[in-house]
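One structure below.
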Amino acid sequence: MTADIFLFWLLASVTLLSGVGVVLVSNPIYSALCLAMTMVGVSAIFATLGAYFIAGVQMIVYAGAVMVLFVMVLMLFDLKTEIATFSRGRISGAIKIAIVGLLAGLIAGTFAMTTTIAGKPETKEKAGHAAKSLGELLFTKYVFGFEALGVLLLIIAIGVVGLARSKGGTHAKH
């Protein structure tokens, strides 16, 4: 077994175990941490494949920004009452199962279509040039929108913490 194969299986097992942890862990904060570890594992797999741009985007966008938003949303919920709200009734259970089945069917259909439609892959030169063009475009023409989004996310984070700690919030000091 070469080092590449060992590293792939190590990263794949860490990613799968943390993905299973997302579903099986009962504490939502630990579940969010398992999800962050899953995102880091996927990013590391992309890096081992030589897709450094995708690995970086995976780390910045998913493991960073999206996980911060998930944790902020968790701070807003009163988790003691939310569990009772989302786990009652046979009809709601049947609707949940139907939605999961529909989503699984859509994913399977998308996978089947992409394997039959997939054309000739781009060369590394074209892929590297596309990432460079995207970066130049993002940091020149669209820099204001990029910075405004960062400020907006900061304001949202401050607001969520303020709401969660205010009187009647989920983490208020009683």
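Read-outs throughout are calculated quantities, based only on the coordinates presented, and are distinct from any laboratory measurement. Only a predicted model underlies this, so the values are computations on that prediction, with no experimental measurement involved. All Cβ positions, glycine included, derive from the backbone under ideal geometry; neighbour counts span all protein chains shown.
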J(HN,Hα) series, the stretch 134-143, from Karplus relation 6.51 cos²θ - 1.76 cosθ + 1.60, nearest Hz, glycine and proline x: 5, x, 5, 5, 5, 9, 10, 6, 10, 5
Inter-label distance for R90 and L154, nm, one decimal - labels placed 7 Å from Cα along Cα-to-Cβ: 5.5
Amide N of the stretch 23-55 lying under 19 Å from the label point, which is placed 7 angstrom from the Cα of S13 along Cα→Cβ: 37-46, 48
Anisotropy class of the stretch 1-76 from Cα gyration tensor, a/c 1.5 cut: oblate
Pair M1, I99: separation of 7 Å Cα→Cβ label points (nm): 4.0
Residue-wise HN-Hα coupling along the stretch 38-55, computed from phi with Karplus coefficients 6.51, -1.76, 1.60 (Hz; x: Gly, Pro): 4, 5, 5, x, 5, 4, 5, 5, 4, 5, 5, 7, x, 8, 5, 5, 5, 4
Using θ = phi - 60° and Karplus 6.51 cos²θ - 1.76 cosθ + 1.60, couplings along the stretch 58-75 (whole Hz; Gly, Pro as x): 4, 5, 6, 6, 7, 6, x, 5, 5, 5, 4, 5, 4, 5, 5, 5, 4, 5
Sequence-separation-based contact order of the stretch 1-76, relative, with Cα cut under 8 Å and 6+ spacing, percent: 28
